[in-house]
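The structure appears below as structure tokens.
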Amino acid sequence: MVRTVDFEKRKNAVLSATINRHIHEATPVASEEIASEFDLSSATIRNIFAELEEGGLLTHPYTSGGRVPTQKGYRYYVDYLIQEMQLLDEQKQDIVREYKKEIRQLEEALERTTEVISTITHYAGIVSFLEWQDKFFYRGLSRILEQPEFRDSGRIRLLVRMIEEKQRLLDIINRDFTDEVRVYIGSELGLPEMANCSLVVSSYRRKKRFSGRLAVLGPVRMEYRRIIPAVEYISCVLSEILDKI
């Protein structure tokens, strides 16, 4: 029996595996590492890497060595390749547990949400409230600065200054969109200071009315498969809490 190979499906699987490995290890991914996952030769994986690089989805930071995803590669991954983005019941319980103390005031709820986001995602949590146009709450900036992408002191200063100035970041978070969750990757943010960052944004409601946004700010090398459903669920929990205040 002749074995047929879906080359496009295989190429997407290799891209997904490469991005997943890079997200967790923060280093270029070698063909030998991916070959072991697919029972393919390193030479075959290098050929697939070359096709993905030609398509602008991967690049290599050195003359020889492994590949890393490009911004285009991450966008393709988020839009088409991520599977099984449902949170486990245990993860949902973790989120609810973070709201363990009774909340009586709006500001307290928003501040607590930044803590929940940062604790659950291990990145920075941001919450805006539409009626307070020049204000937002944030927590966990230090978690971003622990990432290897932010070892450069100049890059850190630019990011901190941009967050402290607030308005430009607020403009992004409050952009109109109709999806449950919107993901901005790298240059899509429109801010040079955040070219190596991603922002995952969701809306929340109070008394069934759109009231504001919550977001996760982290590196482009973000664990989207876990972060996207977490942000969506936290927005639902916050909406339920605000209905009671």
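Table for the structure above
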quantity	calculated
Spatial separation of Cα centroids for the range 169-245 and the range 1-53, in angstrom	31 Å
Exposure proxy ranking, count of Cβ atoms within 10 Å, fewest first, for Tyr80, Tyr62, Tyr74	Tyr62, Tyr80, Tyr74
Contact order normalised by residue count of the chain, Cα under 8 Å, 6+ apart, percent	18 percent
Rounded to whole Hz, the Karplus (6.51, -1.76, 1.60) HN-Hα couplings of the range 160-174, x for glycine and proline	4, 4, 5, 5, 5, 5, 6, 4, 5, 5, 4, 4, 6, 4, 8
Candidate aspartates and glutamates - alpha carbon under 13 Å from Lys92, same-chain residues fewer than 8 apart omitted	Glu232
Karplus 3J(HN,Hα) series, Hz, for the range 10-24 with 6.51 cos²θ - 1.76 cosθ + 1.60 (x for Gly, Pro)	5, 5, 5, 5, 5, 4, 4, 5, 5, 5, 4, 5, 5, 4, 7
Leu52, Leu191 arranged by Cβ crowding within 10 Å, fewest neighbours leading	Leu191, Leu52
Label-point separation, Arg168 to Arg46 (7 Å along Cα→Cβ), nm	4.3 nm
In Hz, Karplus ³J(HN,Hα) per residue of the range 176-187 (6.51, -1.76, 1.60; θ = phi - 60°; x = Gly, Pro)	6, 7, 10, 6, 5, 9, 10, 10, 10, 10, x, 5
Fluctuation leader among Gly140, Gly186, Gly65 - the chain, Gaussian network, Cα springs under 10 angstrom	Gly65
Extension gain from Ser36 to Ser153, taking 0.36 nm per residue of separation minus the Cα-Cα distance	38.4 nm
Reachable lysines, given that their alpha-carbon falls under 20 Å from the alpha-carbon of Lys72 and they are not under 8 places away in the same chain	Lys9, Lys11
Efficiency of FRET between Phe210 and Leu145 - r from beta-carbon atoms, R0 35 angstrom, step 0.05	0.65
Candidate values (1) 18.4; (2) 21.6; (3) 19.3, label of the one derived for Kirkwood radius over Cα pairs in Å	(3)
Mean separation of Cα contacts under 8 Å (6+ apart) over length of the range 7-81, as relative contact order %	33 percent
Separation in nanometres of the label points that stand 7 Å from Cα toward Cβ, at Trp132 and Thr59	3.9 nm
Residue exposure sequence - Leu169, Leu58, Leu141 - by fewest surrounding Cβ within 10 Å	Leu141, Leu169, Leu58
Sum of -39500 (n - 2.57) over DSSP H runs of 4+, divided by residues of the chain (222 nm, nearest 500)	-14500 deg cm²/dmol
Highest-fluctuation residue, Ser203, Ser41, Ser118 considered, GNM on the chain with Cα pairs under 10 Å	Ser41
Under 12 Å, Cβ to Cβ, from Phe137 - net charge with Lys/Arg +1 and Asp/Glu -1	+1
Choice from Gln91, Gln71, Gln105 with maximal GNM fluctuation in the chain (Cα, 10 Å cutoff)	Gln105
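Rule-based calculations on the coordinates, nothing more; no lab input. Fair warning: this is a prediction, and the values are worked out from it, not measured in the lab. As a convention, Cβ positions derive from the backbone with ideal geometry for all residues, glycine included, and neighbour counts pool all protein chains shown.
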